[in-house]
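What follows is one structure encoded as structure tokens, with my remarks underneath.
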Amino acid sequence: MDFESRELNLPLLKAISTGVNVNATTIDRWNEAAMVDVLVKMPSRAIRTTSNYLEYDQSRSLKTLGYYAEADLAWKRLLVTPGFRLDYDDFTENLDIAHRLRAEFDTFGDSTLRLVSGYNRYYGTALRTYAFDRFRPFVKNQWIKSGDEWIKIADNVTGADKSYMAKGLDTPYSDEVMGGLIGSVAGFDYSVKMVHRDHRKQLMNMSEKDDDETRYWMTNNGQGSYDGFTATLTRAVDAGDWGKHAFTFGATTSKTKTFNGGFGDNLRKYSKSIERDYFMVYYDGKLMPRVGMPADNYNAPWVLTFTWEGSFFDDRLRLYSFNRWRDSSKGLKRDARISSETPYGTTSGSETRKSSNWLNPNGTYYYEAYVVGGIKGGFASDLSIEMDLLATAKLSTTMIVDVMNVFNTKLGTSAAEDGTVRGRGYYLGLRGEF
């Protein structure tokens with residue numbers, strides 16, 4: 001529940017806003033028994049792995065509580081908004097207190113030029129995802145073929161339990177410093193802002209192997225930073241029978257520096273049922289410790305955006321079009337090659353399909369491979385349509401149609417983005433308000 005702002009007739013304190021957020025989520029899962037049989041062929045040997053997954057039933061829950069408050073303090077042309085936010089969940093048992101502070105100075109008193117600044121802290125929710133971490137027990141058997149003979153090298157080995165515990169860890173957070181100019185001139189709204197963020201106590205997963213057992217744990221050793229410059233220009237137009245429209249042009253240049261490895265990095269148990277060595281990687285074709293790699297500097301020199309918001313038929317039909325062009329960049333990316341281009345082959349064992357998971361000499365472990373290279377930019381567009389099927393003072397029903405990546409653009413990705421690019425996607429839904 002949220003509480004609206006209260007206007008106060010006081011010399012400096014103009015308004016107070018406060019609110020409480022309570023949420024409880026429960027997920028029940030049931031999995032039937034399954035068996036995976038994988039055969040990997042290499043020039044000199046072959047490996048066959050069977051993984052038998054048992055029938056498994058589990059239930060997880062998460063309860064969160066949030067509270068926020070802020071006040072508007074005004075003196076002449078200066079507006080200062082201090083505030084704070086409290087968050088607690090029953091999984092981490094952390095009580096996180098985040099400060100909020102924003103200041104705005106109306107230079108000429110007519111909103112044509114306002115100086116803005118802020119100093120804020122934002123806590124992330126990545127740690128809470130482990131409350132619903134999915135674990136399926138399995139039993140592994142593995143054979144290696146040398147010549148015409150199959151030799152069993154793993155006999156009914158129980159798979160490692162990678163359900164991480166979050167208690168004792170701090171919640172990752174970001175400290176943000178912001179400054180800029182905003183205002184309105186000749187029917188245009190504009191803004192120019194600079195932002196610096198320090199990402200602190202980010203989650204990093206670690207693992208170690210002791211005989212036949214592998215232990216997994218998390219740390220708060222990750223860190224990173226972000227520096228960005230953004231300028232926007234907006235024009236609102238009332239076209240009468242042709243609807244109301246708002247057009248926004250934006251330009252952003254940024255520099256992101258992050259750590260090697262993310263909070264979900266060790267959730268992948270196996271690739272083609274060959275176990276991964278997390279601590280070692282191939283970088284620029286050479287095997288080295290992961291900590292020796294350079295940071296993932298994923299920096300798009302420029303991102304240009306154009307947004308159109310249209311409202312028709314007394315706001316019963318609304319269209320949102322978001323279009324973005326991203327410049328090419330240079331950064332850390334996965335080094336995907338065909339098997340024969342690597343020292344000992346890849347987990348795919350393919351001469352046509354590239355892979356960034358390179359095998360060790362025995363073919364029983366693999367290392368991830370990275371290289372610094374170009375990251376392809378391009379143009380992408382999203383479209384959202386909302387239509388009110390029923391709209392009254394007490395009840396409304398809205399149909400929502402979203403088309404993501406309208407032109408099915410294939411953009412490049414950095415290692416931090418894990419090489420995932422979404423193609424064209426569709427969403428159809430209904431929203432009710434009462």
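One residue stands out among those in region 114-157 that are in a loop (DSSP other than H, G, I, E, B) and of a type in the set (Gly, Ala, Ser): the one that is modelled with the highest pLDDT, which is 124. Got a number for residues in region 185-213 being surrounded by fewer than 16 Cβ atoms within 10 Å (Cβ to Cβ) and either modelled with pLDDT under 75 or of a type in the set (Asp, Glu) (or both)? So the answer is 8. When restricted to residues that are open to solvent by 30 Å² or more (accessible area, probe 1.4 Å), over 26 Å from residue 257 (Cβ atoms) and of a type outside the set (Ser, Thr, Tyr), region 354-377 contains 3. Inside region 377-434, can you point out the residues that are part of a strand (DSSP E or B), at pLDDT 90 or above, over 18 Å from residue 328 (Cα atoms) and hydrophobic (A, V, I, L, M, F, W, C)? Within region 377-434, 383, 385, 387, 389, 399, 400, 401, 403, 404, 428, 430 meet the criteria. Report, ordered by the first and then the second residue, all pairs with beta carbons closer than 8 Å, sequence separation of six or more or different chains, a first member in region 378-397 that is loosely packed, with under 14 Cβ neighbours inside 10 Å, and a second member that is acidic (Asp, Glu). Qualifying pairs under 8 Å: 395/433.
For region 257-276, the criterion of being open to solvent by 30 Å² or more (accessible area, probe 1.4 Å) and at pLDDT 75 or above is met by at least one residue.
Here residue 236 clears all of (1) touching a Ser or Thr at 6+ places or on another chain (Cβ under 7 Å); (2) more than 24 Å from residue 123 (Cα to Cα); (3) at pLDDT 85 or above except the condition numbered (1). Within the option set 295, 300, being at pLDDT below 80 and within 30 Å of residue 236 (Cβ to Cβ) holds for one residue only, 300.
Selection of strands (runs of 3 or more DSSP E) fully inside region 275-376 by the criterion of at least 2 residues being in contact (Cβ under 8 Å) with a residue 40 or more places away in the chain returns 303-312, 317-326, 329-334, 357-359, 365-375. Here residue 336 clears all of (1) open to solvent by less than 40 Å² (accessible area, probe 1.4 Å); (2) under 24 Å from residue 415 (Cα atoms) except the condition numbered (1).
The values are calculated or read from the model by the stated rules, or taken from the named source; none is laboratory data. Because the structure is predicted, anything quoted here is derived from the model rather than measured. Neighbour counts run over all protein chains shown; Cβ positions are idealised from the backbone, glycine included. Remember, those area values only see protein heavy atoms, side chains included, never the ligands or the DNA or RNA. Shrake-Rupley method; radii C 1.70, N 1.55, O 1.52, S 1.80 Å.
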